[in-house]
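Written below as structure tokens is the structure these notes are about.
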Amino acid sequence: MFRHHGKNRTFLHNLRLATLLSLVAGIVNITGVLSLKTLTTNVTGHFAFFAEEFFKKNYAAALTFLVFTLFFLLGSFTSNFLAELVGRKKPNSAHVVPILLEMLLLLAVGTYGNTASLESESGKIMAFALLFAMGIQNSLVTKISQSTVRTTHLTGLFTDLGIELSQLFFYKKTEEVKRLRTNIYLRLSIITFFFLGCVLGGILYQYYEIKTLYLAAFVLLLALLYDYFRLQIIALKRKAIHIH
């Protein structure tokens with residue numbers, strides 16, 4: 001799921017990656033909205049908020065929204081930097097450090113965060129941490145899947161989905177139709193699991209509030225463990241073949 005790159009990646013690899021991590025993004029998205037009343041999985045809206053506050057001459061608020069975008073960028077930079085650094089020595093483990101860092105951030109916010117206003121210091125710190133974490137995830141997923149999978153926002157997905165649905169009316173060759181249906185299924189899976197993450201997170205938030213982020217961290221842990229044990233099974237099979 002994480003360790004296959006380039007031509008070694010299959011549709012199933014991307015599907016597993018997409019469903020699990022879009023579920024995480026959905027949980028983080030609704031938790032951020034309910035606790036902070038702002039978006040914490042993407043930065044598109046923050047540019048509009050920045051412009052609004054700037055023209056209202058609320059420069060402190062405008063600066064906050066600008067910093068939000070920078071933390072997402074910093075998360076993306078950090079994710080790829082760590083993946084490249086680790087990948088030079090241990091290619092199969094390049095994804096581990098970024099995912100662990102994302103998990104730690106979600107656990108930290110879930111443990112020490114609370115329902116807060118963006119005007120408060122604690123609210124700003126929580127938003128910074130969540131945007132940084134989602135920058136990590138989006139960068140890692142984009143790189144691993146070669147931009148096939150994106151999990152933290154849906155704008156581009158709905159655009160691609162609309163294009164591909166319309167192409168079904170014009171592309172009739174078997175290979176073209178197969179490729180389109182595969183892409184459509186993948187994008188619908190991402191959208192569905194993002195939606196499920198939002199719904200599930202919203203339900204749990206009523207009982208656990210910010211600690212709902214523990215579930216997102218747990219899903220990331222499951223993804224890491226799945227990849228690790230699958231790698232061990234493959235290694236054992238190869239060893240058994242070599243012995244025989």
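The values are calculated or read from the model by the stated rules, or taken from the named source; none is laboratory data. The shown structure was predicted, so the numbers you read here are calculated from the model rather than taken from an experiment. Quick reminder, even Gly has a Cβ in these numbers, built from the backbone with ideal geometry, and neighbours come from all protein chains shown. The accessibility values were calculated without ligands, DNA or RNA, using every heavy atom of the protein model including side chains. Shrake-Rupley method; radii C 1.70, N 1.55, O 1.52, S 1.80 Å.
If a paramagnetic tag sat 7 Å from the Cα of Thr115 along the Cα-Cβ line, which residues of the stretch 204-225 would have the backbone N under 13 Å from that point? Counting only backbone N, you get 205-211.
Each residue of the stretch 183-194 was assigned a 3J(HN,Hα) from its phi angle through the Karplus expression (A = 6.51, B = -1.76, C = 1.60, θ = phi - 60°), giving 5, 4, 4, 5, 5, 5, 5, 4, 4, 4, 6, 4 Hz with x at Gly and Pro. Probe radius 1.4 Å, ligands and nucleic acids ignored: give me the carbon and sulfur share of the accessible area of the chain as a rounded percent. Answer for the chain is 68 percent, counting heavy atoms of protein chains only.
Could you tell me the calculated FRET efficiency between Ala60 and Ala108, based on Cβ-Cβ distance and R0 = 30 angstrom, to the nearest 0.05? Here the calculated transfer efficiency is 0.75.
Using only Cα coordinates, the Kirkwood hydrodynamic radius of the chain works out to 19.1 Å. Per-residue extension of 0.36 nm, minus the Cα-Cα distance of Phe218 and Ile234, leaves a gain of 3.3 nm for this segment.
Cross-link reach is defined here as a Cα-Cα straight distance under 30 Å, omitting same-chain residues fewer than 8 places apart; for Lys178 the lysines meeting it are Lys7, Lys143. Residues considered: Phe169, Phe194, Phe54. Largest GNM mean-square fluctuation over the chain, using C-alpha springs under 10 Å, is found at Phe169.
Return one number: the angle in degrees, 0 to 90 and rounded to the nearest 10, between the long axis of the Cα atoms of helix 44-55 and the longest principal axis of the Cα atoms of the chain. Roughly 20 degrees, rounded to the nearest 10. Counting only protein heavy atoms and a 1.4 Å probe, the stretch 174-244 has 69 square angstrom of accessible area per residue. Computed per residue of the chain from DSSP H runs no shorter than four, each worth -39500 (n - 2.57), the mean residue ellipticity at 222 nm is -27000 deg cm²/dmol. Note that the stretch 26-135 presents 51 Å² accessible area per residue, ligands and nucleic acids not counted, probe 1.4 Å. Of all the options Leu20, Leu196, Leu63, the one that moves most in a Gaussian network model of the chain with Cα springs shorter than 10 angstrom is Leu63. When the chain is treated as a GNM with alpha-carbon contacts under 10 Å, the residue of Ala48, Ala223, Ala108 showing the greatest mean-square fluctuation is Ala48. Grab the beta carbon distance between Ala51 and Val199, set R0 = 22 Å, and tell me the FRET efficiency rounded to 0.05. My answer for the efficiency is 0.10. The angle separating the long axis of helix 11-36 from the principal Cα axis of greatest extent in the chain is about 10 degrees. For the pair Glu209 and Leu168, the difference between a 0.36 nm per residue extended length and the Cα-Cα distance amounts to 10.4 nm.
Report the gain in length on full extension from Tyr226 to Phe81: 0.36 nm times residue separation, minus Cα-Cα distance, nm rounded to one decimal.
49.8 nm
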